[in-house]
Structures are given as structure tokens and as C-alpha cells.
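One structure below.
The values are calculated or read from the model by the stated rules, or taken from the named source; none is laboratory data. The structure presented is a predicted model; accordingly, all values stated were derived computationally and were not measured. Neighbour counts run over all protein chains shown; Cβ positions are idealised from the backbone, glycine included.
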Amino acid sequence: MAKDYYHVLGVSKNASPEDIKRAYRTLAHQHHPDKKGGNETKFKEINEAYQVLGDEKKRAQYDQFGSTFSSQGGGPSGGGWDFSGFSQGQGFEGAGFGDIFEDLFAGFSGRGFGGRNRQKRGDDLSMEITLAFTESIFGVYKSVTIDHTALCDACQGSGAEQGAKKKKCDTCNGTGTVRENKRSLFGNFTSLSECRTCRGRGEIPEKQCRACSGSGIARKREQISIDIPAGIAHGEMLKLTGKGEATTSGSAGDLYIKIRVTPHSLFRREDDALLCDMSLPVTTLLLGGEEKLETLDGAIVVKIPELSHAGDTLRVKGKGVPTARGGRGDLFIRLKEKLPKKLSSSAKKLLSDLKKEGI
């Protein structure tokens, strides 16, 4: 079934990247399956749309082939292509089709799918960060340490010792690729694959880098600072481009960070609203008054209307969760009765008199 990703996110085709991001965050908050009333199917559809429209290159491809895409894939179908394989940001390789297309088309193009060498991409990494409830509301910078492969600092990924000359690779004769004959259901095909000796460079150093043994890649422990946006919800994901595993013949993978938020002792969240309970004596509910409440922004004075009931909800504007549209949601306070554990004789007499008056 064809999908219109712009329609899924509720934005126009000329929407800016910021508009698309705001629309995605709003809808993701609304339909997150961990929330009451969430919709897992809708949530997945929203994420699929954002994976395409939120990426400049994929959005350009999407716009080029029309506003609808085939959900079954395999090429144009009603004017579209299947972009489901881009859900992890890895193109055809992420969908598992990279080697298939490479083998099938190499014999025709002479240089692989698309008439050129297919650029590799490093593996993605994932990790989890735990935030305090207040940090998720107001945003925070977090410093984390990651262990990943990166280009060797000594040779900058070249694999050569500093000052060493390079020579043509004898294995691939300087082409960076080797030709292989393969059999398939369609017959015999000649495919090109990256030369393992020179790793696709076409050259090898006369003296290998001692730090990385000529690989151009080394393991690295790196401390990075992450800007956690205000209003981020439990279960959301952040992507840091290029912080995954490195490769010398393409771009590094990405780092995906899953957010876990610890519950608060008083407040809970529903979309852009904050909710809490306030227990009050029966006399305060009947007579009204002013009560102090410590919010996430500091202490405020809450006005209790006369003749309030347990279960009534009071609204404080602008003290909720920061929204993707700017501004903040509201704070909702549910009133509860606070009954004494024991009654004095004078309290009993007073209540008895009130009972006679029908109160």
C-alpha cells in the first residue's frame, strides 16, 4: 500500500527540516506505545516517515520519485520505491540488499551497482542513558564514554607509517577491486568486490603504520558531550551521526542513544502535561484557601476554591513540559482528602453539630 510520508507527519512538501522535526516529536509523544492511549502501529508509521523526511539525502530521493512509495519494494510500483530498508539509516545495505544488488549488476556495469564502487559504511552502535525526571523536562548535557573503532590517529586512516611511500597493489593491480566469478539462479555472473589486500585503495604502503598494523583503524575510547533536548520522553532515541564504527572505505556508522527516564516521587507526565496530587484537610476543601506547592520550577501558591471536592483538578498554565512548538504545557493538580487518623472530643462534637445541619 502506498504511503505519503508528508501526510503521515501532517506537514507540507515544502516544510523546513525544523518543521518536520517538530511535527515528528509532537506525534511521537502523542502515539508512543508506552503511554496511555498510545498506538504502536501509528508510532512505527511516524518513525518510518521521519527516517526518510528527516534525512536530507533520503528526502531528496523520495521527492524525486513522487509522493507515494511501494510498501512491497523491488523497484517502481505505481511510481514509487520501497524505503522501508532505510529505517536504520543504512540505505540498501541496512535492508540487507547491498550484496544482492552488487552481485547481480556487477557483470553489467563493470564497477558494481550504479556503475561505481559501492561505498561501505561502518556499523551502528547503540547505548542507553538514564535521566532524572527533571533532566528530561528541562534538558541537560550528558558526558558519556564510548568505545568504538575510529581512524588511526597516527596515520589518519591511510595505513602507512609517517613518511612512507606507497606502491600499487599487486593483488588488484591498482584498481581497488578484484573480479570474481559467481553462480546464481540466473546463471554465471562476474562481480567486483573490494580488494582485501589494499582495502579498496589501490595502493599499499611500503611500510605499514605500527600503531594500527596497516589497517588504518584503531579502537578508541572517546568522551563525548550529548545535548539532551528539553521535553524528551522515556523510550525516545537520539542519533549521533558518525559516532559508530569507522571504516577506511566509507563513512562511519551512527550512535543511537535510547533514553530512560526515572519516575518522580510527586509528578508524572502525560504528553506535554504534568500531573500531581495534593492532599488537603476537609476544612480546606470546604473553606478554600492558599496552599504552597513545590513544582519543578520552584515553590508556587495554589488557590483552593471554596467548596472544593476530592477529585477536582486545578490547572496551572505554563508549568508543564516544554513543547516542540515552543512554550510549555500545563500543570494539573488533583485534589485529595487528607483525613485525620484520630478525632479529638471537640472535633467529634463539631462534626456532630455539622451533621445536624446536613453538612
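Brief remarks follow.
- THR149 meets all of the listed conditions (1) at pLDDT 90 or above; (2) of a type outside the set (D, E, K, R); (3) part of a strand (DSSP E or B) but one, namely (1).
- Of GLY242, GLY235, GLY231, GLY214, all but one fail to be under 13 Å from the mean Cα position of the chain (by Cα) and on the phi > 0 side of the Ramachandran plot; the exception is GLY235.
- Criterion (modelled with pLDDT under 90 and among the aliphatic types (A, V, I, L, M)) met by exactly one of LEU280, LEU274, LEU307, LEU286: LEU286
- Of the criteria (1) under 30 Å from LYS21 (Cα atoms); (2) part of a loop (DSSP other than H, G, I, E, B); (3) in contact (Cβ under 8 Å) with a residue 40 or more places away in the chain, which one PHE332 fails: (2)
- Filter result for the condition that a residue is over 26 Å from GLY139 (Cα atoms), touching a residue at least 24 places away in the same chain (Cβ under 8 Å) and of a type in the set (S, T, N, Q), over SER352, SER346, SER308: SER308
- Selection from region 261-284 of residues that are in a loop (DSSP other than H, G, I, E, B) and free of Cβ contacts under 8 Å to residues at least 60 places away in the same chain: SER265, LEU266, PRO281
- Residue within region 163-177 that is closer than 30 Å to PRO322 by Cα and not in a loop (DSSP other than H, G, I, E, B) present: no
- Of the residues making up region 207-239, those that are among the charged types (D, E, K, R) and either assigned to a strand (DSSP E or B) or touching a strand residue (DSSP E or B) at 6+ places or on another chain (Cβ under 6 Å) (or both) are ARG219, LYS220, ARG221, GLU222, ASP227, GLU236, LYS239.
- In region 10-23, residue surrounded by the most Cβ atoms within 10 Å (Cβ to Cβ) [restricted to those that are of a type outside the set (Gly, Ala, Ser) and free of Cβ contacts under 8 Å to residues at least 60 places away in the same chain]: ILE20
- Verdict on LYS258 being of a type outside the set (A, V, I, L, M), free of Cβ contacts under 8 Å to residues at least 24 places away in the same chain and assigned to a strand (DSSP E or B): no
- Taken residue by residue, region 168-180 has no member that is free of Cβ contacts under 8 Å to residues at least 60 places away in the same chain, under 23 Å from GLU245 (Cα atoms) and over 39 Å from the mean Cα position of the chain (by Cα).
- One residue alone among GLY139, GLY89 is surrounded by 14 or more Cβ atoms within 10 Å (Cβ to Cβ), at positive phi and at pLDDT 85 or above, and that residue is GLY139.
- Filtering region 239-258 to residues that are at pLDDT 90 or above, of a type in the set (A, V, I, L, M) and buried (at least 18 other Cβ atoms within 10 Å of the Cβ) leaves LEU255, ILE257.
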